[in-house]
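The values are calculated or read from the model by the stated rules, or taken from the named source; none is laboratory data. Since the model is a prediction, treat every value here as computed from it, not as a measurement. Cβ atoms come from the backbone with ideal geometry, glycine included; neighbour counts cover every protein chain shown.
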Amino acid sequence: MPRRVVLHVDLDYFYAQCEENLNPNLRGKPVVVCVYSGRTDDSGVVSTCNYEARKYGVKAGIPIARAKKLLGTADASFRPTNRPHYAEVSDRIMETLETFGDTFEKVGIDEAYLDFTSETNGDIYRAESIAREIKQKVLEQEKISCSVGVAPNKLLAKIGSDLNKPNGLTVVRPENVRLFLGELSVDKIPGVGKRTEEKLDQLKVKTIDQLATHDVSVLHEIFGNTLGTYLYRAARGEDEEPVERREQPTQLSRIATLKRNTHNISEILPLLEDLANSAAEKLTEKTMTCKTVSILAILGDLSIHSKSRTLDSPTSDMSTIAQASKDLLEQFLQSESTATVRRVGVKLSGLSGRSGQTDISKFLR
């Protein structure tokens with residue numbers, strides 16, 4: 001039986017990259033994506049930021065006011081989170097990743113695991129070549145860089161993808177696991193937060209190698225059997241958790257940029273119809289139907305608007321989806337008489353297997 005080969009794909013500073021793509025003038029400047037509370041202009045926390053902002057000490061979770069002080073007079077841009085857009089980009093990237101590997105597992109809007117054991121027959125060199133192909137394809141299609149870890153299991157692949165960000169590729173070969181983990185600090189182990197790190201520090205355990213040689217009974221006493229065992233095994237690079245699909249998709253979407261900002265339906269409709277047809281084709285390919293059709297309109301000021309229609313019955317019919325999209329666009333343009341549309345999209349939600357299908361997972365590689 002071939003050795004396991006697992007990839008972890010992590011989209012670099014994803015929200016901030018999306019903002020840079022929406023506004024290329026932001027590239028090279030500190031970009032901070034924020035969750036505003038609405039109480040004051042500066043109330044709320046940082047969701048993420050690009051590496052230009054990180055040079056100043058800005059990081060996720062700190063108050064927005066603190067980030068502004070750290071950035072001082074830097075020409076920084078503070079952007080509110082634009083989750084609908086991030087989700088659209090993520091959906092397209094995840095659909096691309098699904099075309100690779102034996103098994104796909106999405107674990108967040110910006111990361112996923114892929115099992116390549118069968119496809120590569122356990123050849124990690126072959127997997128490294130595929131990882132480079134994945135990185136290039138995502139960059140070409142979405143202008144998003146990603147970091148990838150290639151390893152014998154999920155744990156090591158996750159640690160690997162985190163090491164050389166952004167745009168990194170780290171390969172952990174089976175014979176080099178202990179050498180790879182060696183002098184890494186214990187906080188590189190997924191799940192080891194500040195409190196766990198502080199307790200390990202009290203045990204004079206600072207590196208993964210020190211943790212791997214520590215008395216497991218002491219770890220059980222301090223952390224309990226479950227966490228103590230996890231730390232002990234993780235320090236040895238041991239992980240048997242399989243790569244597996246966590247959930248069936250509940251929506252899919254397509255979005256694109258118009259040649260110019262416009263309110264003219266004759267300029268918007270051809271692109272919208274192409275997007276609707278593409279989405280409908282994907283439904284048919286996956287043997288699924290949708291219950292709701294929505295359109296998204298991103299205006300010249302980057303504000304996001306949407307309109308939805310719940311259908312009388314689930315469908316994957318291309319003409320039905322295209323007609324619903326057209327009707328929604330007409331309604332939107334009538335209600336927003338001064339809107340100039342920059343990007344337009346179609347989202348299909350309420351997805352399910354076609355009548356008679358009791359298990360659609362086999363269609364969703």
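Given the structure, is residue 143 under 21 Å from residue 51 (Cα atoms) and either crowded, with 18+ Cβ neighbours inside 10 Å or not aromatic (Phe, Trp, Tyr) (or both)?
Values: under 21 Å from residue 51 (Cα atoms): yes; either crowded, with 18+ Cβ neighbours inside 10 Å or not aromatic (Phe, Trp, Tyr) (or both): yes.
Spelling it out, residue 143 is indeed under 21 Å from residue 51 (Cα atoms) and either crowded, with 18+ Cβ neighbours inside 10 Å or not aromatic (Phe, Trp, Tyr) (or both).
Which members of the range 330-342 meet the condition of being part of a strand (DSSP E or B) and out of contact with any helix residue (DSSP H, G or I) (no Cβ under 8 Å at 6 or more places or on another chain)?
342
Here is a yes/no grid of residues against (1) surrounded by fewer than 15 Cβ atoms within 10 Å (Cβ to Cβ); (2) closer than 30 Å to residue 175 by Cα; (3) out of contact with any helix residue (DSSP H, G or I) (no Cβ under 6 Å at 6 or more places or on another chain); (4) of a type in the set (Val, Ile, Thr):
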{"residue": "57", "(1), (2), (3), (4)": "yes, no, no, no"}
{"residue": "64", "(1), (2), (3), (4)": "no, no, yes, yes"}
{"residue": "68", "(1), (2), (3), (4)": "no, no, yes, no"}
{"residue": "75", "(1), (2), (3), (4)": "yes, no, yes, no"}
{"residue": "89", "(1), (2), (3), (4)": "no, no, no, yes"}
{"residue": "106", "(1), (2), (3), (4)": "no, yes, no, no"}
{"residue": "116", "(1), (2), (3), (4)": "no, yes, no, no"}
{"residue": "128", "(1), (2), (3), (4)": "no, yes, yes, no"}
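Within the range 245-253, can one find any residue that is part of a helix (DSSP H, G or I), among the hydrophobic types (A, V, I, L, M, F, W, C) and in contact (Cβ under 8 Å) with a residue 12 or more places away in the chain? Let's see the steps before the verdict.
Looking only at the range 245-253, we keep the residues that are part of a helix (DSSP H, G or I), and these are none.
The answer is no; no qualifying residue exists.
Would you check if there is a residue in the range 226-248 being more than 28 Å from residue 106 (Cβ to Cβ) and not polar (S, T, N, Q)?
Yes, because at least one residue in the range 226-248 is more than 28 Å from residue 106 (Cβ to Cβ) and not polar (S, T, N, Q).
Per-residue answers, yes or no, for (1) farther than 30 Å from residue 143 by Cβ; (2) surrounded by 12 or more Cβ atoms within 10 Å (Cβ to Cβ); (3) modelled with pLDDT of 95 or more:
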residue: 171; (1), (2), (3): no, yes, yes
residue: 179; (1), (2), (3): yes, no, no
residue: 182; (1), (2), (3): yes, yes, no
residue: 194; (1), (2), (3): yes, no, no
residue: 208; (1), (2), (3): yes, yes, yes
residue: 216; (1), (2), (3): yes, yes, no
residue: 223; (1), (2), (3): yes, yes, no
residue: 226; (1), (2), (3): yes, no, no
residue: 231; (1), (2), (3): yes, yes, yes
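Enumerate the helices (runs of 4 or more DSSP H) found wholly within the range 121-205, keeping only those where 1 or more residues are within 30 Å of residue 255 (Cα to Cα) and out of contact with any Cys (no Cβ under 8 Å at 6 or more places or on another chain).
Helices (runs of 4 or more DSSP H) meeting the threshold: 124-142, 154-163.
Which of the residues that make up the range 292-306 are farther than 17 Å from residue 260 by Cα and either loosely packed, with under 15 Cβ neighbours inside 10 Å or without any contact (Cβ under 8 Å) to a residue 24 or more places away in the chain (or both)?
Answer for the range 292-306, where residues must be farther than 17 Å from residue 260 by Cα and either loosely packed, with under 15 Cβ neighbours inside 10 Å or without any contact (Cβ under 8 Å) to a residue 24 or more places away in the chain (or both): just 306.
Can residue 272 be described as aliphatic (A, V, I, L, M), under 23 Å from residue 321 (Cβ atoms) and either touching a residue at least 12 places away in the same chain (Cβ under 8 Å) or out of contact with any Gly (no Cβ under 8 Å at 6 or more places or on another chain) (or both)?
So residue 272 passes the test.
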